[in-house]
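The values are calculated or read from the model by the stated rules, or taken from the named source; none is laboratory data. On a predicted model such as this, the values are computed, not experimentally measured, just so you know. Using ideal geometry, Cβ is built from the backbone for each residue, glycine included, and neighbour counts are taken over all protein chains shown. Note: accessible area is taken over every heavy atom of the protein model, side chains too, but ligands, DNA and RNA are not part of it. Shrake-Rupley method; radii C 1.70, N 1.55, O 1.52, S 1.80 Å.
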Amino acid sequence: MRNAVRRVLQFFRREKMIHSLFLINCSGDIFLEKHWKSVVSQSVCDYFFEAQEKAADVENVPPVISTPHHYLISIYRDKLFFVSVIQTEVPPLFVIEFLHRVADTFQDYFGECSEAAIKDNVVIVYELLEEMLDNGFPLATESNILKELIKPPTILRSVVNSITGSSNVGDTLPTGQLSNIPWRRAGVKYTNNEAYFDVVEEIDAIIDKSGSTVFAEIQGVIDACIKLSGMPDLSLSFMNPRLLDDVSFHPCIRFKRWESERVLSFIPPDGNFRLISYRVSSQNLVAIPVYVKHSISFKENSSCGRFDITIGPKQNMGKTIEGITVTVHMPKVVLNMNLTPTQGSYTFDPVTKVLTWDVGKITPQKLPSLKGLVNLQSGAPKPEENPSLNIQFKIQQLAISGLKVNRLDMYGEKYKPFKGVKYVTKAGKFQVRT
């Protein structure tokens with residue numbers, strides 16, 4: 001047994017999961033890098049840049065790229081690429097989950113995960129990465145533990161640190177580090193005890209020319225904001241939990257209770273966290289909230305074409321559809337577009353050939369439309385295929401899957417907290433083919 005343990009420890013000392021981390025902005029600039037023990041040259045990112053050029057969209061860059069000596073595993077968050085360098089084969093999802101934890105931690109500490117915020121707090125960023133990864137392996141990734149190790153930045157603390165020369169690193173070991181509930185710190189106290197949940201669902205769909213659904217799926221999450229004193233034990237139940245597929249849980253969830261009763265039972269972390277993520281993949285359960293009437297045509301041996309689209313509500317359960325934006329990647333032979341919107345405004349970029357129509361909200365009494373002429377390059381052949389429409393929208397106070405929270409019960413504490421649930425439905429990758 002002792003020899004087996006020694007061999008495992010030797011393996012971990014020899015093989016690091018993550019060797020380096022590069023943060024890259026949309027312009028392709030590496031603005032931050034972190035290495036654990038050995039330094040990996042920035043030139044390794046050339047393989048990533050090649051894959052980025054081949055991808056039609058930033059979100060279509062392959063998450064795992066194999067190179068002669070490394071693997072590059074990346075995520076795209078908030079207009080930034082987090083690219084990790086791996087030298088040995090590891091479970092890719094393990095690395096991807098860690099990278100998301102890093103992005104979530106930056107969001108929690110700085111209020112936003114942006115290039116400006118990271119550059120403004122670069123010292124804290126390096127301190128966080130040093131604590132989150134030890135010798136290439138995840139160590140402390142829970143927000144409550146990290147906040148006791150490294151204090152979040154404030155204006156007052158920044159002034160005091162600059163005068164005294166002290167740092168944000170804490171002097172004592174976090175109370176949750178050795179606890180069996182590492183996600184919650186001890187001795188939490190609030191004047192107002194609150195528990196709020198956001199049910200956010202995104203629809204990924206492909207609609208064909210005739211309006212039939214080719215593919216439809218719902219990706220959902222339940223985000224929580226818990227500010228409760230003491231050590232509360234919560235139970236969250238749903239009206240129709242059988243809708244959910246492929247549920248991914250925060251470590252605080254008691255999985256056996258979910259398996260037997262379909263109830264979420266947990267001692268919550270303090271503050272903001274993602275309770276669960278889930279998928280609704282049964283296509284007959286996915287309601288499509290908008291429809292599009294379209295007529296896009298290009299004449300043979302002609303330098304013009306017609307463009308006409310109308311958007312309207314379909315299955316919106318009586319809720320208002322707002323924040324509608326239609327994006328169209330027009331063919332390269334298009335010079336410009338002369339269109340008239342009945343609602344909202346449009347822009348056309350003659351360089352990228354991208355048409356963007358900002359519709360706003362739909363009123364059923366008068367459906368918004370955009371129609372007019374398309375000017376093509378003289379003598380250019382007719383485009384081989386019509387462009388697809390990419391649609392963004394938002395519906396407040398509606399979970400399109402029909403998921404509803406039944407009740408929230410609290411045990412272990414005697415006070416009565418304020419409780420609230422908010423529902424939001426958004427478009428994910430919502431495409432209409434023309």
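The loop-placed chymotrypsin sites (Phe, Trp or Tyr not before Pro) in segment 353-434, going by DSSP, that have at most 13 neighbouring Cβ atoms within 10 Å of their Cβ come out as Tyr415.
Relative to the Cα centre, the charge distribution of the chain, modelled as +1 at Lys and Arg Cβ and -1 at Asp and Glu Cβ, gives a dipole magnitude of about 1020 debye.
Evaluated at q = 0.09, 0.11, 0.12 Å⁻¹, a Debye calculation over the C-alpha positions of the chain (equal weights, vacuum) places log10 I(q)/I(0) at -0.76, -1.07, -1.21. Checking every one of the trypsin sites (Lys or Arg not before Pro) in segment 365-434 against DSSP loop status and a limit of 11 other Cβ atoms within 10 Å picks out Lys414. Sorted from largest to smallest, which semi-axis lengths in Å does the alpha carbon gyration tensor of segment 329-434 give for its equivalent ellipsoid, taking the root of 5 times each eigenvalue? Equivalent ellipsoid semi-axes, largest first: 45, 15, 12 Å. Output the pairs from Lys404/Lys426; Lys299/Lys371; Lys119/Lys426 with a Cα-Cα distance over 21 Å in this structure; if there are none, say none. Where the Cα-Cα span goes over 21 Å, the pairs concerned are Lys119/Lys426. Of all DSSP beta bridges in the chain, what percent run antiparallel (nearest 5)? Once the DSSP bridges in the chain are tallied, antiparallel ones form about 90 percent. Put simply, the amide H of Ile150, placed in the peptide plane, has neighbours under 5 Å in Gly170, leaving out anything fewer than 5 places away on its chain. Its DSSP H runs of at least 4 residues, each contributing -39,500 (n - 2.57), put the calculated 222 nm mean residue ellipticity of the chain at -5500 deg cm²/dmol, to the nearest 500. Annotation for segment 223-300: trypsin sites (Lys or Arg not before Pro) lying in DSSP loop with at most 11 further Cβ atoms inside 10 Å of their Cβ are Lys299. Could you check how much of the accessible area of segment 13-109 is carbon and sulfur, as a whole percent, using a 1.4 Å probe? Carbon and sulfur together cover 50 percent of it. Look at the alpha carbon pairs under 8 Å that are at least 6 residues apart: their mean separation over the length of the chain gives a relative contact order of 14 percent.
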